[in-house]
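Just below is one structure, and these are the notes that go with it.
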Amino acid sequence: MAETKLVKFEVLRFRPESDKEPVFETYEVPCMEDWVVLDALNAIKDDIDPTLSHRWSCRMGVCGSCGMLVNGRPVLTCAAFVRNYSGTIRVEPLSNFPIVRDLVVDLESFIEKIKSVKPWIIRKIEKDAADGEYLQSPEQLEEFKQYSMCINCALCYAACPVLASDPEFVGPAAIALAHRYNLDSRDEGNAERFERLDGHDGVYACSFANECSQVCPKHVDPAMAIQQAKLNDFLQWAKVLPKRSFT
Amino acid sequence: MSAAHATAPKTPTAPARKPSGFPLGFYRYRNYTIFAFTSIPMAISLACLVIGVGALGQGEEAWQAWLARQATPAFRAVHLFCLAFTLYFAIRFGWVGRKIGAGRIGPLPPPPLPLPLLGIAPIGGFVTVWLVLVVILGGWLS
């Protein structure tokens with residue numbers, strides 16, 4: 001049998017039917033060398049305390065479901081190796097989101113914000129399917145490609161100090177996505193997104209802490225997207241740029 | 001949305017928690033908080049300047065008195081304090097500000113120089129102006 005090491009985990013628990021506020025519970029988990037924090041949480045649920053609730057799915061850093069705070073920092077727990085931490089490992093739900101249960105947070109506001117920036121290609125007149133696909137050069141793709149790597153894990157929202165004081169701020173992932181579509185040569189929805197990005201809780205609420213980019217597990221740079229979106233927003237407002245896509 | 005879903009009571013939740021280590025516990029948040037705080041020392045320096053302009057308008061005697069006041073040890077300490085935060089502001093802004101320039105802004109032509117280089121010029125100018133101001137305000141010229 002593979003060798004294991006006993007690791008102590010402090011996990012924030014919240015059971016709405018009995019807890020007035022979240023409390024930490026400690027578990028000692030025999031961890032194998034190649035385990036990630038998610039493996040340890042699954043071991044707690046399977047072998048120690050089946051009442052523990054947490055989200056996960058793909059276990060390979062793609063689905064974005066297993067984002068939590070590990071020792072205070074927002075990470076994907078499927079990519080956080082236990083061996084990289086020393087001493088007790090503290091696991092908490094994502095900050096800046098209400099806690100539904102244990103490590104599960106309410107992502108409704110996040111989904112609504114993403115939806116509000118219309119992250120899909122908008123065309124004034126749709127081409128007929130028989131006329132073929134919309135062509136795009138590699139250079140045109142390169143302009144927005146990094147922003148399309150977002151997996152909606154919400155780590156950037158958990159790290160954002162602006163959201164901590166202004167929960168209505170549209171937030172890093174949503175703005176990065178809006179910017180991604182505004183930069184897409186096939187898109188014509190700039191004007192429709194302008195109203196959402198230009199508002200009080202839009203791009204100008206960002207005070208450039210840069211923490212969103214620091215924690216992004218896919219190396220997207222939402223802070224850069226927001227600053228560039230500010231510039232584009234201003235140029236649209238000043239009518240230097242037409243309120244349409246850059247095609 | 002189904003009628004049952006629409007009328008279902010909202011799941012009770014615990015309130016959202018602030019980011020761990022904000023505002024001063026974690027070094028990256030601390031750097032950001034100090035960056036935000038720099039507005040206060042910079043406002044103090046600007047207030048000194050505005051008062052100086054007012055003194056200038058009141059004639060030679062008021063201007064000399066204002067200059068003499070700025071050269072006292074207490075005011076020099078204040079100006080050095082403000083300068084330290086202004087330098088911090090410039091360094092931090094130079095670091096994060098690299099991201100502000102878009103590679104391409106709509107139909108506008110790309111800038112002739114790499115954007116980070118373009119960013120250094122205003123930041124360098126900004127720091128230079130503040131250094132000159134501190135030297136004047138602190139009376140080091142006299």
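Read-outs: derived from the displayed coordinates by stated rules, not from any lab. Everything quoted here is computed from the prediction, not taken from an experiment. Cβ sites come from the backbone with ideal geometry, for glycine too, and all protein chains shown count toward neighbours.
So the values come out like this:
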quantity: FRET efficiency for residue A:118 and residue A:58, using Cβ-Cβ distance with R0 set to 25 Å, rounded to 0.05; calculated: 0.40
quantity: Value of [θ]222 nm, deg cm²/dmol, for the protein assembly as shown, DSSP H segments ≥ 4, -39500 (n - 2.57) each, nearest 500; calculated: -13000 deg cm²/dmol
quantity: Sorted by Cβ density within 10 Å, fewest first, the residues B:75, B:81; calculated: B:81, B:75
quantity: Fewest-first sequence of A:95, B:39 by Cβ atoms within 10 Å of each Cβ; calculated: B:39, A:95
quantity: GluC sites (Glu not before Pro) lying in DSSP loop within region A:115-167, provided at most 11 other Cβ fall within 10 Å; calculated: A:126, A:133
quantity: Spin-label pair residue B:31/residue A:48, simplified geometry with 7 Å Cα→Cβ offset, distance in nm; calculated: 3.4
quantity: Longest site-free stretch - chain A; sites: trypsin sites (Lys or Arg not before Pro), DSSP loop, at most 12 other Cβ within 10 Å; calculated: A:128-238
quantity: When each of A:8/A:45; A:118/B:10; A:145/A:218; A:230/B:18 is checked by Cα-Cα distance, pairs over 19 Å; calculated: A:118/B:10; A:230/B:18
quantity: Lys, Arg +1 and Asp, Glu -1 on Cβ, resulting dipole of region A:108-237 about Cα centre, debye, nearest 20; calculated: 160
quantity: Candidates per GluC sites (Glu not before Pro) in region A:153-247, loop by DSSP, up to 13 other Cβ within 10 Å; calculated: A:168
quantity: Label-point separation, residue A:186 to residue A:34 (7 Å along Cα→Cβ), nm; calculated: 3.9
quantity: Partnerless cysteines, meaning none of the other Cys C-beta atoms lie under 4.7 Å away, in chain A; calculated: A:31, A:66, A:78, A:150, A:153, A:160, A:206, A:216
